[in-house]
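Notes to accompany the following structure.
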Amino acid sequence: MALIAPSLLSADFLNLERDIDMINNSEADWFHLDVMDGRFVPNITFGMPVIAAMKKKAKKPFDVHLMIVEPEKYIESFGKAGADILSIHIEASTHLHRNLQSIRANGMKAGVALNPHTPVEQLVDVINDIDVVCIMSVNPGFGGQQFIERTYDKIKRLKQLITESGAPTLIEIDGGVTLQNIEQLIAAGADVLVAGNTVFSSPDPQETIKRLKAAGK
Ligand code: DX5
Ligand code: ZN
């Protein structure tokens, strides 16, 4: 069954506690937290102190998506702040293998995120060192963007790579996931679906999470 990870990027930052409770009481599996630095992406969000504060209320794993340059500098800090899964961008990692080892050494699951232009084949020599591959299905930086159709092909190619290598790596899709495309994404091989706008702009977020979850059964 596919996992659902609502993205807090589209939450109401004035009412974070309420939105965290909503996710706690929903069928969601993970919290997806988008950290942006204004350098890797043209937007700035939140960092360790906000994540550490949210961790006190949240009852599900924290899937932290770092959209920052030099992620290696902050691996330990995000671990201490409460990340359970830490994803770094391949485009921001000169020494990806070393960074993945460092994430695991700090007690977290290691994730790698790929921009839309980055081929999944770049992971061939590190696939066994990755717990989650986050395929960006929009250009990172903002919620509520339109899904890039080319993603289906990338999922299928990544699935094949994972199967061939015998790795237990999960495939996560981030950006533009809706109630309309979720079934096709799962059919292509997606294991984890991030959803920001679809959940938080809906009149009943909990019900929307339930429907997303039902699509993955
Ligand atoms: C975009 C972020 C996403 C974003 C997804 O840079 O990585 O996690 O919140 O938002 P939606 O689901 O609205 O496309
Ligand atoms: Zn994200």
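The values are calculated or read from the model by the stated rules, or taken from the named source; none is laboratory data. Nothing here was measured: the structure is a model prediction, and the numbers come from that model. All Cβ positions, glycine included, derive from the backbone under ideal geometry; neighbour counts span all protein chains shown. Note: areas computed on protein heavy atoms with side chains; ligands, DNA, RNA excluded. Shrake-Rupley method; radii C 1.70, N 1.55, O 1.52, S 1.80 Å.
Each label was represented as a point 7 Å from its Cα along the Cα-to-Cβ direction; for Q101 and K56 these points are 3.7 nm apart. Label reach from N139 (point 7 Å along Cα→C-beta): in the range 190-210, amide nitrogens under 20 Å belong to 196-197. With all protein chains in place and ligands, DNA and RNA left out, the 1.4 Å accessible area ranks M136, M48, M1, M22 as M1, M48, M22, M136, largest first.
At 222 nm, what helix-only mean residue ellipticity would the chain give, in deg cm²/dmol to the nearest 500, using -39500 (n - 2.57) for each DSSP H run of four or more?
-9000 deg cm²/dmol
Over the C-alpha trace of the chain, radius of gyration and Dmax come out as 15.8, 46 angstrom.
Using a Förster radius of 35 Å, what is the FRET efficiency between R157 and R211 based on their Cβ-Cβ separation? Nearest 0.05, please. The formula returns an efficiency of 0.75 here. Heavy-atom surface analysis with a 1.4 Å probe gives the range 3-215 a carbon and sulfur content of 49 percent of its accessible area.
The H on the amide N of L170, modeled in the peptide plane, is under 5 Å from the matching H of V132, V133, each at least 5 residues off or on a different chain. Amide H contacts under 5 Å for L33: D63, V64, H65, restricted to partners 5 or more places along the chain or on a different chain, H placed in the peptide plane at 1.01 Å from N.
Computed with a 1.4 Å probe over protein heavy atoms only, the accessible area of V124 comes to about 80 Å². The simple Förster model, with R0 at 22 Å and r as the Cβ-Cβ distance, assigns K80 and Q122 a FRET efficiency of 0.15. For the pair E70 and A187 in one chain, pulling the backbone fully straight at 0.36 nm per residue adds 38.7 nm over the alpha carbon distance. In order along the range 34-44, phi translates into HN-Hα couplings of 9, 9, 10, 10, x, 10, 5, 10, x, 7, 10 Hz, rounded to whole numbers, per the Karplus curve 6.51 cos²θ - 1.76 cosθ + 1.60 with θ = phi - 60° and x for Gly and Pro.
Computed about the Cα centre, the dipole magnitude for the range 3-215 is approximately 260 debye when only Lys and Arg (+1) and Asp and Glu (-1) carry charge, each at its Cβ. Bridgeable lysines around K210 (alpha carbons under 17 Å apart, same-chain partners fewer than 8 residues away excluded): K60.
Note on L16/L179: beta-carbon distance plugged into 1/(1 + (r/R0)^6) with R0 of 30 Å gives a FRET efficiency of 0.75. Counting Lys and Arg as +1 and Asp and Glu as -1 over every other residue whose Cβ lies under 15 Å from the Cβ of E70, the net charge comes to -1. Our note on the geometry: Cα centres of the range 175-217 and the range 65-99, 26 Å apart.
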